Amino acid sequence: MIKRKVVLHFPATVVEQPFIYTLAKEYNVVANILKANINPRKEGRMVVELSAEDQEFNAAMDFLHSRGVQVLPLEQQIIWVEDRCTQCGACTVICPTNALWMKRPEMTVSFCSEKCIVCERCLKACPARAVEALYLSGE
Ligand code: SF4
Ligand code: SF4
């Protein structure tokens, strides 16, 4: 089984074709769309998590390439926005790697990006939206 987050770029000539439907129907690929938009030049961009058995996943990638769809790997990074943080500590309790941690005795929250495994638990736990996910595709 392969599960991968990617950025798909659709040229204007194919942007209206039902690629996600075809991936599901012909290749048994499950697509979880994280973000999608079409720019003024009618080119499409979609951030999506795709999963399928190895052979079907690779065949689906070949299908996308053959139709002119560019597939770029996606890396995700967690950003801590210190100005928005209310120091409530909720994220430090659920962070599995102590990437978000409570400094003692000061009792202030800090973030170490090198320890972060991008599990996204803090995104859901933070009431102040002080943690954000940044998608990087090397574009
Ligand atoms: S994404 Fe996970 S590992 Fe990274 S800071 Fe948030 S809770 Fe910790
Ligand atoms: S949950 Fe949000 S507001 Fe609370 S300490 Fe963590 S980042 Fe700051």
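Taking amide H positions as modeled 1.01 Å from N, with prolines and chain starts lacking one, the residues under 5 Å from THR108 and 5 or more places away or on another chain are LYS103.
Sorted into 5 angstrom bins from 0, the C-alpha pair distances of the chain split as 2, 9, 17, 17, 13, 11, 10, 10, 7, 3, 1, 0 percent. Give the shape of segment 24-85 as rounded, prolate or oblate, defined through the alpha-carbon gyration tensor: a ≥ b ≥ c are the square roots of its eigenvalues, a/c under 1.5 means rounded, and otherwise the shape is prolate if a/b is larger than b/c and oblate if not. Oblate is the answer for segment 24-85, as a/c is 1.5 or above yet b/c matches or exceeds a/b. If you line up the long axis of helix 54-66 against the longest principal axis of the chain, both from Cα atoms, how many degrees apart are they, to the nearest 10? Its long axis makes an angle of about 70 degrees. Close Lys pairs in the chain (alpha-carbon distance under 22 Å; sequence gap of 8 or more, or different chains): 12.
Normalised by the residues of the chain, what does the relative contact order come to in percent, with Cα pairs under 8 Å and at least six apart?
Numbers: 236 pairs, mean separation 34.9, N = 139.
In percent, rounded to a whole number, it is 25.
Dipole check for segment 2-73: with +1 at the C-beta of Lys and Arg, -1 at the C-beta of Asp and Glu, and the Cα centre as origin, the magnitude is about 360 Debye. If the segment from LYS35 to ASN98 were pulled out straight at 0.36 nm per residue, it would be longer than the present Cα-Cα gap by 19.8 nm. Stokes-Einstein diffusion of segment 78-131 at 10 °C, 1.306 mPa s viscosity, Kirkwood radius from Cα pairs, rounded to a whole number: 146 µm²/s.
Given 0.36 nm per residue, what is the gain on full extension from THR22 to ASP83 after removing their alpha carbon distance, in nm? If you can, show how the numbers build up before the last one.
Values: separation 61, 0.36 × 61 = 21.96 nm, distance 4.41 nm.
Computed gain between THR22 and ASP83 is 17.5 nm.
Taken together, the values in this text are just the output of simple stated rules run on the coordinates, not laboratory data. Bear in mind the structure is a predicted one, so any value in this text is a computation, not a measurement. Positions of Cβ are generated from backbone atoms using ideal geometry, with glycine treated the same way; all protein chains shown enter the neighbour counts.
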